[in-house]
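Accompanying notes for the structure given below.
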Amino acid sequence: SNLEFHQRENVGTLPTFKFVTKTGTANVSTRAATMLSVANDMNLAAGVDNAANIIIELSDTADAYIEELANCARQFPISALRRVGWILENFAETGSLSELKLISNQSDAQLSKLSKYNSYSGHIDTDWSLDINTRIEPDV
């Protein structure tokens, strides 16, 4: 198994926190930045099912993260926010997603695809302006 590294152009502007390790500290992507990064290119997370697993597991916390997602969303394509919102709404136990839906609906962007590598299916979730062109079966 090979380890691959990917870098975002704006990585220096994404929110991080200090994570204490055995030998010091490391800057780690926040929950919201990680969710959006994974949703931006689900194949980098080993496919849509695994990407959904990551997003669902990151949402399983008492800490509020919806506002952080809303603030961080502007640094990603709107399709990433739409995918995260749809996954949270359909597979996670979470609070209100109305702030995220508002951002999604205010975007001038055309319809987004759940899987950016698949063709449009015509099965549209109008709340998220998202073509549900693949099936997601999370393990969590």
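The values are calculated or read from the model by the stated rules, or taken from the named source; none is laboratory data. This structure is a prediction, so every number in the text was calculated from the model and none was measured. Please note: Cβ atoms are built from the backbone with ideal geometry, for glycine as well, and neighbour counts cover all protein chains shown. Surface areas here come from the heavy atoms of the whole protein model, side chains and all, with no ligands, DNA or RNA. Shrake-Rupley method; radii C 1.70, N 1.55, O 1.52, S 1.80 Å.
Considering segment 115-140, and only residues there that are in contact with a strand residue (DSSP E or B) (Cβ under 6 Å, 6 or more places away or on another chain) and assigned to a strand (DSSP E or B), the residue that is surrounded by the fewest Cβ atoms within 10 Å (Cβ to Cβ) turns out to be Ile124. Mind listing just one residue for me: the one in segment 66-108 that is open to solvent by less than 60 Å² (accessible area, probe 1.4 Å), among the small types (Gly, Ala, Ser) and part of a helix (DSSP H, G or I) and, of those, nearest to Glu137 (Cα to Cα)? Selected residue: Gly85.
You will find that of Leu69, Leu111, the residue that is farther than 15 Å from Leu36 by Cα, without any contact (Cβ under 8 Å) to a residue 40 or more places away in the chain and aliphatic (A, V, I, L, M) is Leu111 and no other. Could you say whether any residue in segment 15-35 is within 23 Å of Lys113 (Cα to Cα), at pLDDT 90 or above, touching a Leu at 6+ places or on another chain (Cβ under 9 Å) and open to solvent by 20 Å² or more (accessible area, probe 1.4 Å)? Within segment 15-35, one or more residues are within 23 Å of Lys113 (Cα to Cα), at pLDDT 90 or above, touching a Leu at 6+ places or on another chain (Cβ under 9 Å) and open to solvent by 20 Å² or more (accessible area, probe 1.4 Å).
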